[in-house]
Amino acid sequence: MTAAPADLLIDRPTMADGAALWRLAKKSETLDLNSSYAYLLWCRDFAGTSAVARGADGEPVGFVTGYVRPDDPTTLLVWQVAVDAAHQGHGIAAALLDGLAARLTADRGITRLETTISPGNTASERLFTSFAARHGADLTREVLFPAGLFPDGPHDPEVLYRIGPLTPATAH
């Protein structure tokens, strides 16, 4: 597992964190920004499959949101990952992802992680490729949503990354 800086606490988000997660996503300038309402709901309904990194003041400086796929309860779909610019480069995103995977393989029997990444998002490509390598898991890629499926203007295709198998032993 990747260690986060010692002054960070990684735990589950609460509804009170919704606004901070929305701001982090907005400031990222790479994530598709959802409504602030969506982040509040996420922190209520999917806190168990998400993680937040808190600075010394208790405020969120990074997050990973995810959900267990309804048609495959052994797969965690990672929806978004963001770390405040002032805290990037310290392994926080990797620590969040490792901690969430460890918790969900142990608690829910997750054996695979999925995410989608737009071509050219090298930070996310590196994050998930290194996650697979750290955990000794296979990684496959395929286009999940071609650009033409997006109704709201130009959008890059979304490439599905499948990582697994994960076990409690490999997720730690």
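The values are calculated or read from the model by the stated rules, or taken from the named source; none is laboratory data. Everything numeric here is computed off the predicted structure, so don't read it as measured data. Because the Cβ atoms are built from the backbone with ideal geometry, glycine has one as well, and the counts that use them run over all protein chains shown. Ligands, DNA and RNA are excluded from the accessible area calculation, which covers all protein heavy atoms including side chains. Shrake-Rupley method; radii C 1.70, N 1.55, O 1.52, S 1.80 Å.
A few comments on the model shown:
- Only listed residue being small (Gly, Ala, Ser) and either over 15 Å from the mean Cα position of the chain (by Cα) or on the phi > 0 side of the Ramachandran plot (or both), chosen from Ser35, Ser28: Ser35
- Taking the listed residues Phe150, Phe131, Phe145, the one that is of a type in the set (A, V, I, L, M, F, W, C), farther than 22 Å from Asn34 by Cβ, surrounded by 13 or more Cβ atoms within 10 Å (Cβ to Cβ) and without any contact (Cβ under 8 Å) to a residue 40 or more places away in the chain is Phe131, with no other qualifying.
- Any chance Asp84 is crowded, with 21+ Cβ neighbours inside 10 Å, in contact (Cβ under 8 Å) with a residue 60 or more places away in the chain and of a type in the set (D, E, K, R): no
- Residues satisfying the stated conditions in the range 153-172, i.e. hydrophobic (A, V, I, L, M, F, W, C) and surrounded by 15 or more Cβ atoms within 10 Å (Cβ to Cβ): Val159, Leu160, Ile163, Leu166, Ala171
- Whenever a residue of the range 105-127 is at positive phi, its partners that are of a type in the set (Asp, Glu), lying with C-beta atoms within less than 8 angstrom and at least six residues away or across chains, give the pairs Gly120/Asp156.
- Residue count for the range 44-85, restricted to those that are out of contact with any strand residue (DSSP E or B) (no Cβ under 8 Å at 6 or more places or on another chain) and closer than 12 Å to Leu24 by Cβ: 2
- Counting only residues that are open to solvent by less than 10 Å² (accessible area, probe 1.4 Å) and of a type in the set (A, V, I, L, M), the range 62-79 holds 3 of them.
- Contacts under 8 angstrom Cβ, first residue in the range 41-61 being open to solvent by less than 10 Å² (accessible area, probe 1.4 Å) and assigned to a loop (DSSP other than H, G, I, E, B), partner among the aromatic types (Phe, Trp, Tyr) and modelled with pLDDT of 95 or more, 6 or more apart: Ser50/Trp42; Ser50/Phe63
- If you go through the range 1-22 and pick out every residue that is surrounded by 15 or more Cβ atoms within 10 Å (Cβ to Cβ), at pLDDT 95 or above and in contact with a strand residue (DSSP E or B) (Cβ under 9 Å, 6 or more places away or on another chain), you end up with 5.
- Residue within the range 78-87 that is more than 26 Å from Pro60 (Cβ to Cβ) and aromatic (Phe, Trp, Tyr) present: no
- Every test in (1) in contact (Cβ under 8 Å) with a residue 40 or more places away in the chain; (2) more than 26 Å from Ala137 (Cβ to Cβ) is passed by Ala38 save one, and that test is (1).
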